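**Student:** One structure coming up, written as structure tokens, with questions to follow.
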Amino acid sequence: TLTRPVNILVLGTIVLNTDLPNAPPKARGEHFAEIEDNLNGLSDAMLLIRFDPATKKVAVLSIPRDSRVNIQGIGNTKINFANYAGGAALSARTVSQVLGDIPFDRYIRVNVNGFGKIIDALEGGDVYVPKRMKYQDDSQRLYINLNAGQQKLDGKKAIQYMRFRHDDLGDIGRVQRQQAFFRAFVEQKIKPE
């Protein structure tokens, strides 16, 4: 039983071979290969999860990855660079500073493929996809192809849903979809029974 609020920082990372230090330049026609087991890339999804025993609620705050902040030892840049520059500890310090020095009790890092495996292990989640989502980026081998409507998303489709950002809202739309997915997933999967 919690006796005080608990704050957890969740970092969703993706690492491409071109992101690594001393990476050779990509040759024409080559794709960016994803490094599946690496957590040290840019954190393209950042969530503060707060468990509050007084209100008996869980609150989730998304931090837009392109937020310009001062990262200790780095200077002014996008907040998602903190994980790449100094891991989860530097990300937690940076987010804490931005949010008024709130303390973090824990942090969790998961790469995009690990996230898909978690969703598959929990047998997917039912989500309403508000419109047709189609996008192709051959350089990253990122292919998004989802129809509109209520559907059960497995890990691969959940990744597509949460990575799509090619609409009028760009990254903010992606953050909204991440929140919608997590909200639906929590309601469906985290129940006492």
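The values are calculated or read from the model by the stated rules, or taken from the named source; none is laboratory data. Everything quoted here is computed from the prediction, not taken from an experiment. Cβ atoms come from the backbone with ideal geometry, glycine included; neighbour counts cover every protein chain shown. Surface areas here come from the heavy atoms of the whole protein model, side chains and all, with no ligands, DNA or RNA. Shrake-Rupley method; radii C 1.70, N 1.55, O 1.52, S 1.80 Å.
**Student:** From the backbone phi of region 133-150, what are the Karplus-calculated ³J(HN,Hα) couplings (6.51 cos²θ - 1.76 cosθ + 1.60, θ = phi - 60°) in whole Hz, Gly and Pro given as x?
**Tutor:** For region 133-150, the Karplus curve yields 10, 9, 7, 9, 10, 5, 5, 9, 6, 9, 10, 10, 8, 10, 7, 6, x, 6 Hz.
**Student:** Quick one: which residues, 5 or more positions from Asn80 or on another chain, have an amide H under 5 Å from its amide H? H modelled 1.01 Å from N in the peptide plane, none for Pro or chain starts.
**Tutor:** So Asn80 has HN proximity to Ser67.
**Student:** Follow-up. If each DSSP helix of 4+ residues adds -39,500 (n - 2.57) and the sum is divided by the residues in the chain, what number results at 222 nm, nearest 500 deg cm²/dmol?
**Tutor:** Details: 4 runs with 57 residues, N = 193.
After summing the helix terms and dividing by the residues of the chain, the value is -9500 deg cm²/dmol.
**Student:** Another question, if that's okay. For region 101-193, what is the convex hull volume of the alpha-carbon atoms per residue, in Å³?
**Tutor:** That works out to 136 Å³ per residue.
**Student:** Additional query: Average the reciprocal distances over every distinct pair of alpha-carbons in region 95-137, invert the result, and give the Kirkwood radius in Å.
**Tutor:** When all Cα pairs of region 95-137 are included, the Kirkwood radius is 14.2 Å.
**Student:** Using the crude model of +1 on Lys and Arg Cβ and -1 on Asp and Glu Cβ, and no other charge, please compute the dipole size for region 59-128 relative to its Cα centre, in debye to 20.
**Tutor:** Roughly 340 debye, rounded to the nearest 20.
**Student:** If you don't mind, there's one more thing I want to ask. Residues with amide H under 5 Å of Asn38's amide H, sequence separation 5 or more or different chain, H placed in the peptide plane at 1.01 Å from N; which?
**Tutor:** Amide H neighbours of Asn38: none.
**Student:** How far apart, in nm, are the 7 Å Cα→Cβ label points at Tyr128 and Arg50?
**Tutor:** Placing both labels 7 Å along Cα→Cβ, they lie 2.7 nm apart.
**Student:** What does the highest-first list of 86-94, 66-74 look like by mean Cβ count within 10 Å?
**Tutor:** So the peptides 86-94, 66-74, ranked by packing, come out 86-94, 66-74.
**Student:** With the Cα gyration tensor of the chain in hand, give its eigenvalues times 5 under a square root as the equivalent ellipsoid semi-axes, listed largest first in whole angstrom.
**Tutor:** Computed over the chain, the values are 26, 24, 14 Å.
**Student:** Let me ask another. Which whole-number value in Å² is the accessible area per residue of region 35-190, probe 1.4 Å?
**Tutor:** Values: 8780 Å² over 156 residues.
With all protein chains present, region 35-190 gives 56 Å² per residue.
**Student:** Computed on alpha carbon atoms, what radius of gyration and Dmax characterise region 137-183, expressed in Å?
**Tutor:** For region 137-183, the Cα radius of gyration and maximum Cα-Cα distance read 10.8, 31 Å.
**Student:** What do you get for Rg/Rh of region 45-142 when both radii come from the Cα atoms and Rh is the Kirkwood radius?
**Tutor:** Radius of gyration over Kirkwood radius for region 45-142 works out to 1.02.
**Student:** Ignoring ligands, DNA and RNA, please state the percent of accessible area on region 40-117 from carbon and sulfur, probe 1.4 Å.
**Tutor:** On the way: 2210 of 4140 Å².
Whole-percent figure for carbon plus sulfur exposure: 53.
**Student:** Mind listing which chymotrypsin sites (Phe, Trp or Tyr not before Pro) in region 88-193 are in a DSSP loop and have 12 or fewer other Cβ atoms within 10 Å?
**Tutor:** Passing both the DSSP loop test and the Cβ count: no residue.
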